[in-house]
Amino acid sequence: MNRNGATATVLLWGAVLAAAIVTIFPFYWMLNTSLKPASEIFLSPPSFVSRNWSFAAYETLLTLRPFARYFLNSLIVSVGSTLLSVALAALAAYGFTRFHFRGASVLIIFLLFTKMLPETLLIIPYFRLMSELGLLNTYAALIIAYSSFALPFSVWMLIGFFRSIPREIDEAAIVDGATRLVAFFRVVLPLALPGLVAVALFTFLISWNSYVWALVLTTDPQMYVLSVGVANMVGEYRVQWNELMAGAVIAAAPVMVLYALLERHLVSAITAGAVKD
Amino acid sequence: MTCNVKSLARALCLVAIAAPALAQQPITLQWQTANLTEAQYEPIWKQTIAAFEAANPNIRIQPILVARRDHWTKFVAAAQAKQAPCIVSVDLTTAAYDGYLRPLDDLWAKEPADFRAAWSEDMLASARWKGKLYGLPNWGGVYAEIYNREMVEKAGLDASSPPKNWSEYLAWSKKLTGPDHWATAVLGGKTDTTTRVLLTWIYGNGGEPFNADMTESTFAKNARSLEAIKFYLGLFSQEKIASPSPTTTNYLEQTVLFAQGKIATMRNAYWAVAKVVGDNPKMDGKMFAAPLPAQIPNAPTLATVSAHSISSSCPHPEAAWSFIKFDMDKKWALERALKANWMPLRRDLGNEPEIKADPMLAQFVQLGANAKSYPLPHPAWADIAANDIVDAVQKALLEPARLEEIFRELDVKLTKKLKDI
Amino acid sequence: MIRGAKARPWTGHGLARERWHGYLFIAPMLVFLAAVVIAPLGHAFWTSLHRIRGLNASFVGLRNYARVLEEDAFWHALQVSLSFTSISVALHVLLGLGLALALNEIRMARTALRILFLTPWMVAPAIGATIWLWLLEPQFGVVNYLLGQAGLIAAPVAWLGEPRTAFAAVTMVEVWRGVPFVMLLMLAGLQTVPLEQYEAASIDGANARQRFRYVTMPNLRYLLIVASTLDIINVVRHYDIIGVMTAGGPAGATEVLPALLYNTAFRANRFGEAAAIGVLLLLMVLSFSVVYLRVTRIARPDPVT
């Protein structure tokens, strides 16, 4: 390696490390604060490592506050909306790529762009709708809401993915006597697995992190999700920073684990889906 | 035939037994107030609910926990669908004007006279809108000047004779400011505590922010009011005795600064004392309170009023009222006063031994006798207090030279809003 | 033979049935979105035509629109939204592309680094904002402490207290949160650039910069457009970060359109006007999507055989 090559590598690693520090430092601080006792939070200068680190804040959250229940609720709602969203999106994407509809692309783009609308605009009519259907304080209301968030994007991405699966494959199955639905389930869907995984991850993330809808649609503390539980710790008159940060860690950890495990699929799906439109 | 009669009789018996049981199905009342998520209040409301449910087995109270910031949003979303919680504490005038609350006059009239006498006419007036009573004033906060005794003595000042007027206050402030600490904090954050503190300064100079029937804004128009604003905001801009970043300083930041010894005085309600001790236990016993320094004799302070209301969509108003009355009991009022530091608004508790035993509490109760109630009675007040007035304060802190102009613009804007009901 | 397949007799209704099948596939999604998105939107439009004071509503036609458009607040929020969105998205794309290029060159600890850089995006925006709120606290926050120790600032800076620094801080947090998404897309795209093109360029004597300009960029161009479009959609509706950190202050320096909408609906209690703002936003969205359709038609890459 010549001198230019060596300098380039050093610069490269330097830039990456600098970016890594800026990226990860807030999380290190979050962890640090969550482990500190309350008396050390406002130390000036602040402590980076503390002899008094303990899991006390976490204990408080899991025993005094029903964080375990919040976790379960978040899990149920997120998994539910992911399944629903993936199912609807897969069916729709299949329909759009195997059949001809006039104005289909315009419709998809329009739906994609309606996602630009802030949630505030939609929560009151949606609340009224759910209230009339008797679905307040149910998992169903949240699952339905969250599935709708990721749907346009999921359909869009899966369209790209399904297009890359040649039609000859389904046609071969149909010639063999299968109905469209069977061809869809047994032939096309297995081939589209990476795309489905990617869409599932996106939907899961959006559902897991969402707040305003759960805030408005649930009143029973047994139905609160993690984001609501964490937000409730921010009183205007008092913020228990170490507990808040502990709650944030609990809320963030599962998503990170999930992504770490499935990252490979994500990349390959985006490659197929977004690049080839 | 005999079989049928027997089974019919058996069935009728079962129905007869079941009927009263069915009639006794517990009704659930939802209770929502932003204070339920405040740590110092939690043990008290849990006890209150437990005691009430024990005494009333057919009523269950379901507390709705919501972050303070989102309390109104959640309430409104539910109220719009006519599903609001039965028992609420919200901005009374706005909610009454919007039709979200149920008038309480019929329930109030049925109460015995000695119960009704515990509230002064003034106090009840603060919970009326267009002549109807929409809430029962429950607790409040009285504003006073709270000092850090150690810092005051360290600066060579006499803690037994705190400043009575503004020039004394300024002299004290200059001595209480050092390289890494300040005399006080100017509140300019985006919550209505900014407005509350601003109003105390205006009242302290004999100024009025509005005309008598709240149809005109006089922040700049009223000369004494403008003078007060200039002095107060000048503590940061000109005199430099206030902590930095006032535009992000709310109650939370102010109390933290005070607890950590960064500011020597804070203008606050009695509940701030408990908050400070919670943040820094070493501050316990090291604070003292005094009336707000003022430029006119007998200047009124500010008293926030929080009231229990019943939402208009509540299907069980009598049950809700029974809980409200239960919560008004002296026992709970005292608990709140002593543990959460919330002033009881019943006027018959001033002579209770528990209150007299705590000199600071007694002092606050006394100061509360001469106070203007807050929030101000206008449906647009919640909006004005948290948005327009705060914006003007922030602008004036960022551009001190334009202060008068900014508040004249505020007057124009507010007058328009006040008339637009 | 596929499991579940039965030989069906030819009935002659093939084409009609085909179309019917097609509708069946897309119907669930359409019905769902109609109920959950279109219906509330329609309700919002209907609301915008009324003057709402709590439970009292009266029809006022287009008056709400007139009021919203003649007040400064809307235009100011529009301008703040435009600046916030354009700066954030530009930085997202630049830094995302840069990071992707850098990560693509690195062999060591590849997966670990990728996960690391993805983390800001995975955390709920409100939580990320709360952490940064704590980091940027003037008296007790660690950022001021570190900058002071490094000698970069003389006194603690009130990051969220001054209009310019507040805008910068909020934008910075949005960039921190949003770069991973673009980086992910770019990384995926970089892996699809055919190696033969790089080899051909090297043989022709191109250096690294020229390879980037003439091989990498043309291949990534379409993906860049996709990434920036998705990013714009995400950032425009964003309120969480600003809501947590500044609530639109100080003095309206960070009041973007979603913040104005929220404040109008829930602080000023003017649902009719808030709905009008929402509908105006929708119209802007529609015009943007028309533009987008044109642009992507032009930029579509050549179909592969």
Worksheet item: Taking the C-alpha atoms of the protein assembly as shown, how large are the radius of gyration and the largest Cα-Cα span, Dmax, in Å?
Response: 31.3, 110
Worksheet, complete the sentence: In segment C:185-210, the residues losing 10 Å² or more of accessible area (1.4 Å probe, heavy atoms of protein chains only) relative to their chain alone are C:LEU185, C:ALA188, C:GLN191, C:THR192
Fill in: Computed over segment A:57-273, Cα set: Rg, Dmax in Å
19.9, 70
Discussion item. Using only the alpha-carbon atoms, what does segment B:267-357 span along each of its principal axes? Please give whole angstrom values in decreasing order.
Written reply: 48, 36, 27
Worksheet item: Helices from chain C with mean Kyte-Doolittle at least -1.0 and a Cα length along the axis of 20 Å or more, per DSSP H: which?
Response: C:14-33, C:72-105, C:163-190, C:217-236, C:271-299
Item to complete: Skip the ligands, DNA and RNA, and give the accessible area per residue of the protein assembly as shown with a 1.4 Å probe, whole Å².
Response: 42
Worksheet, complete the sentence: Rounded to the nearest whole number, the Stokes-Einstein translational diffusion coefficient of segment B:162-254 at 25 °C and 0.890 mPa s (Kirkwood radius, C-alpha pairs) in µm²/s is 176
Discussion item. Over chain A, with a Gaussian network built from C-alpha contacts below 10 Å, which listed residue (A:GLY229, A:GLY103, A:GLY160) shows the highest mean-square fluctuation?
Written reply: A:GLY103
Worksheet entry | Helix-only CD estimate at 222 nm, as mean residue ellipticity for chain C, using -39500 (n - 2.57) per DSSP H run (n ≥ 4) | -22000 deg cm²/dmol
Worksheet, complete the sentence: Kirkwood calc, segment A:1-107, C-alpha pairs only, radius in angstrom 19.9
Item to complete: Would you be so kind as to list the residues of segment C:254-276 that have their accessible area lowered by at least 40 Å² in the full protein complex compared with their chain by itself (1.4 Å probe)?
Response: C:LEU261, C:TYR262, C:PHE266, C:ARG267, C:ASN269, C:ARG270, C:PHE271
Item to complete: Could you work out how far helix A:3-35 tilts from the main Cα principal axis of chain A, as a 0 to 90 degree angle to the nearest 10?
Response: 70
Worksheet item: Of the cross-linked pairs B:LYS240/B:LYS413; B:LYS230/B:LYS286; B:LYS240/B:LYS282; B:LYS174/B:LYS262, which ones have a Cα-Cα span greater than 21 Å in the structure shown?
Response: B:LYS240/B:LYS413; B:LYS230/B:LYS286; B:LYS240/B:LYS282
Discussion item. Ignoring ligands, DNA and RNA, please state the percent of accessible area on the protein assembly as shown from carbon and sulfur, probe 1.4 Å.
Written reply: 62
Item to complete: Could you please tell me the mean projected area of the C-alpha convex hull for segment B:296-421, averaged over all directions and given in square nanometres to one decimal?
Response: 11.7
Worksheet item: Chains A and C: how much accessible area gets covered up at their contact, both sides added, probe 1.4 Å, in Å² to the nearest hundred?
Response: 8500
Practice prompt. Past 26 Å, Cα to Cα, is the threshold; run B:LYS74/B:LYS190; B:LYS275/B:LYS372; B:LYS110/B:LYS330; B:LYS130/B:LYS331 against it and keep the listed order.
Written response: B:LYS130/B:LYS331
Worksheet entry | Protein accessible surface hidden between B and C, which excludes ligands and nucleic acids, total in Å², probe 1.4 Å | 2600
Worksheet item: What translational D, rounded to a whole number of µm²/s, comes out for segment A:197-257 from Stokes-Einstein when the hydrodynamic radius is the Kirkwood one over Cα pairs, at 37 °C and 0.692 mPa s?
Response: 259
Worksheet, complete the sentence: Rg (one decimal) and Dmax (whole number) from the Cα set of chain B, in Å, equal 24.6, 102
Practice prompt. Could you work out the per residue convex hull volume over the alpha carbons of segment B:211-330, in cubic angstrom?
Written response: 218
Worksheet, complete the sentence: Per-residue average of other protein chain Cβ atoms inside 10 Å, peptide A:171-182 -> 4
Fill in: Gaussian network model of chain A, Cα within-10 Å springs - most flexible of A:LEU217, A:LEU107, A:LEU11
A:LEU11
Worksheet item: Per 10 Å bin from zero, what fraction in whole % of the C-alpha pairs of segment C:78-271 is there, up to the bin with the longest pair?
Response: 9, 29, 29, 20, 10, 3, 0
Worksheet item: Just from its helices, what would the mean residue ellipticity at 222 nm be for chain A, if runs of 4 or more DSSP H residues each count -39500 (n - 2.57) and the sum is divided by every residue, rounded to the nearest 500 deg cm²/dmol?
Response: -24000 deg cm²/dmol
Worksheet item: Using the beta-carbon distance between B:ALA212 and A:LEU64 and R0 = 51 Å, what value does 1/(1 + (r/R0)^6) give for FRET efficiency, to the nearest 0.05?
Response: 0.55
Worksheet item: What is the helix-to-structure angle for B:317-327, meaning the angle in degrees between its Cα long axis and the longest Cα principal axis of chain B, kept from 0 to 90 and rounded to the nearest 10?
Response: 50
Response to the item:
Helix B:166-176: inclination vs chain B longest Cα principal axis, degrees, rounded to 10, gives 80
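The values are calculated or read from the model by the stated rules, or taken from the named source; none is laboratory data. A quick note: this is a predicted structure, and the numbers were derived from the prediction, not measured. Heads up, the Cβs are rebuilt from the backbone with ideal geometry, glycines too, and the neighbour counts pull from every protein chain shown. Quick note on the areas: whole protein, heavy atoms, side chains included, nothing else; ligands and nucleic acids left out. Shrake-Rupley method; radii C 1.70, N 1.55, O 1.52, S 1.80 Å.
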